[in-house]
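The values are calculated or read from the model by the stated rules, or taken from the named source; none is laboratory data. Owing to the predicted nature of the structure, the values given are computational and were not obtained by experimental measurement. Because the Cβ atoms are built from the backbone with ideal geometry, glycine has one as well, and the counts that use them run over all protein chains shown.
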């Protein structure tokens, strides 16, 4: 044996001994053993030196000398470029140091050397994923599991990427393959639950989260996700408990605070929801979703300025949250900052031009600004995007009706029966007989069902006679008791019933069909030019006599009826009702006028205790129904009121009626810009508020109108008295 052979054999022995020491964890000793052969030497082969450098790198890594480890491994690869195991070790080191680009290059060299090594492809995938190259990472993981189909960790890694790539069915399959080899992998069960949740398979997601918690009971993410499943199933008490358990384990878990807030919001516990969202924000100040949800809660609590601030903060954190821009616009619209609202809606549409809700909101804001052609175009865009969008169809309907385009307006107005949130939708579901669609009524019995307001019933009662003229043998009117006595004498009405009685008769198949009075104009093809004359209501003489003694206590002169508030439950009552009786004080300065309060419900107490200097005969509290109101109005000279049912009652009795309309959200029936009404052409006068005007301006115009109308009469009465 030659000396060279003997030296080579001893180097091999040194490397083997060093490797054994490494395996035993004696890294310092192993390193000292190989240190003499690390430098290039003529008596040491390149393969032996490469092995020594690999061992030195492993020892340095284990001892925390990462820079030395990298140096040794790189020297090893220069000495032996095909040393596959070292590429794996160096790639692991570079990955742990966050040097992902370098690690990627190393792993690519490894897979070129060992294309059938599944671990190499998996590790390359990990690095690519860390660099944000999700498609390339998925391809690497896919190659790993193609080489080794039972490679559970690679299936798990691939599932994560597939989920992020929104390839949900593939992600589910990968998680299930991972769980074959890793049945106790709690994170895999949890993540599978997330995928199933997004696929809408709530029950399976529930089971996946519960399995994760069986394996790892103190798992806040799984508890939080379970809370989301329970919320989706509307098991809100359990959802709340799951979120609170997650927070008990991790009090600073911002997502769990957010989910808890969402559950509490569904439970209508909005102050608690607000606090949960604020807790989420305290732990993560730039948590856009928490700011957004806080805005929702504040909006629902009608704390609009705070809701505005929350939505703006959500947008600051994440400018791409389209619904934050949209909802901010809704808040600004309610705050009467309409140009700003339109700008917020524009921002939402810039992010998502196909958002039908925002086009509808633009239409509503433009309609309030009386930019009607633009509003119509916005409503039509919303409907083009979503043809079944009931709110947009209804908004367009009332707008074109207000514009006098009755033919299309009445047709659109029927959409109220298709909207689950409308009472009309419930009517159609309740009544078992067919809804009249405009066909012949000859020989048929018809039920007219009240589902709209009292004023609507008075206004549209003119259609009873026309329905009767269509050949109906019997017309029954189902309405609230307050209308019974008044409507009993209306031409065309054969019977007046309460709703419960009518329902019993419907069940007994008493009626051939049913309709609403507000559908009659559609089926009878009413246009502005063909509006039927208002029904002329009559008052029983004995009922008029009942109120005469009280009215005779008033001073001589003109008797003026007043109503300054409508039904508090009306959607626009905040705008249409005058805040206080004191606002009408200027009317008392008109000579020769005495005033009667017809106010019923809210505001009634003001009439019972009017401010000093405002003499007022209060009769509203003594009124039982519309027949009583009609008997009083019949003996008055004029009624001055806001937009409420009294206006229709007075005008239908043939009494002059002056209506003070609100500044915004004016009802479609009063149309636009007119001071009169085609529904009551000879009896009704409208006083419109201009943009920015307060009620006091309207009252002053009414006062001047009173002066013009009644001053001459008062002067004549004074002259007559002097004679």
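Screening segment 398-408 for residues that are in contact with a helix residue (DSSP H, G or I) (Cβ under 6 Å, 6 or more places away or on another chain) and without any contact (Cβ under 8 Å) to a residue 40 or more places away in the chain and picking the one that is surrounded by the fewest Cβ atoms within 10 Å (Cβ to Cβ) gives 408.
Could you check segment 53-64 and list, in sequence order, the residues that are outside any helix (DSSP H, G or I) and under 15 Å from residue 29 (Cβ atoms)? Answer for segment 53-64, where residues must be outside any helix (DSSP H, G or I) and under 15 Å from residue 29 (Cβ atoms): just 63. Would you say residue 69 is under 21 Å from residue 144 (Cα atoms) and either in a helix (DSSP H, G or I) or modelled with pLDDT under 90 (or both)? In short, no. Quick check: anything in segment 703-713 under 27 Å from residue 569 (Cβ atoms), at pLDDT 95 or above, surrounded by 15 or more Cβ atoms within 10 Å (Cβ to Cβ) and outside the structural domain of residue 487 (by TED's automatic domain parsing)? There is no residue in segment 703-713 that is under 27 Å from residue 569 (Cβ atoms), at pLDDT 95 or above, surrounded by 15 or more Cβ atoms within 10 Å (Cβ to Cβ) and outside the structural domain of residue 487 (by TED's automatic domain parsing).
Screening segment 536-552 for residues that are modelled with pLDDT of 90 or more and in a loop (DSSP other than H, G, I, E, B) and picking the one that is nearest to the chain's Cα centre (by Cα) gives 537. Among the residues of segment 54-73, is there at least one that is touching a residue at least 40 places away in the same chain (Cβ under 8 Å), touching a helix residue (DSSP H, G or I) at 6+ places or on another chain (Cβ under 6 Å) and under 30 Å from residue 137 (Cα atoms)? Checking segment 54-73: at least one residue is touching a residue at least 40 places away in the same chain (Cβ under 8 Å), touching a helix residue (DSSP H, G or I) at 6+ places or on another chain (Cβ under 6 Å) and under 30 Å from residue 137 (Cα atoms). Residue 93 - would you say it is within 53 Å of the chain's Cα centre (by Cα), surrounded by fewer than 15 Cβ atoms within 10 Å (Cβ to Cβ) and free of Cβ contacts under 8 Å to residues at least 60 places away in the same chain? No; evaluated as a whole, the condition is false for this residue.
One line per residue, one yes/no per condition, for (1) assigned to a loop (DSSP other than H, G, I, E, B); (2) surrounded by fewer than 22 Cβ atoms within 10 Å (Cβ to Cβ); (3) over 35 Å from the mean Cα position of the chain (by Cα):
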position	(1), (2), (3)
441	yes, yes, yes
446	no, no, yes
455	no, yes, no
464	no, no, yes
467	no, yes, yes
475	no, no, yes
486	no, no, yes
493	yes, yes, yes
506	no, yes, yes
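Which of (1) touching a residue at least 12 places away in the same chain (Cβ under 8 Å); (2) over 23 Å from the mean Cα position of the chain (by Cα); (3) surrounded by fewer than 16 Cβ atoms within 10 Å (Cβ to Cβ) does residue 412 not meet, given it meets every other one? Of the numbered conditions (1) touching a residue at least 12 places away in the same chain (Cβ under 8 Å); (2) over 23 Å from the mean Cα position of the chain (by Cα); (3) surrounded by fewer than 16 Cβ atoms within 10 Å (Cβ to Cβ), the odd one out for residue 412 is (3).
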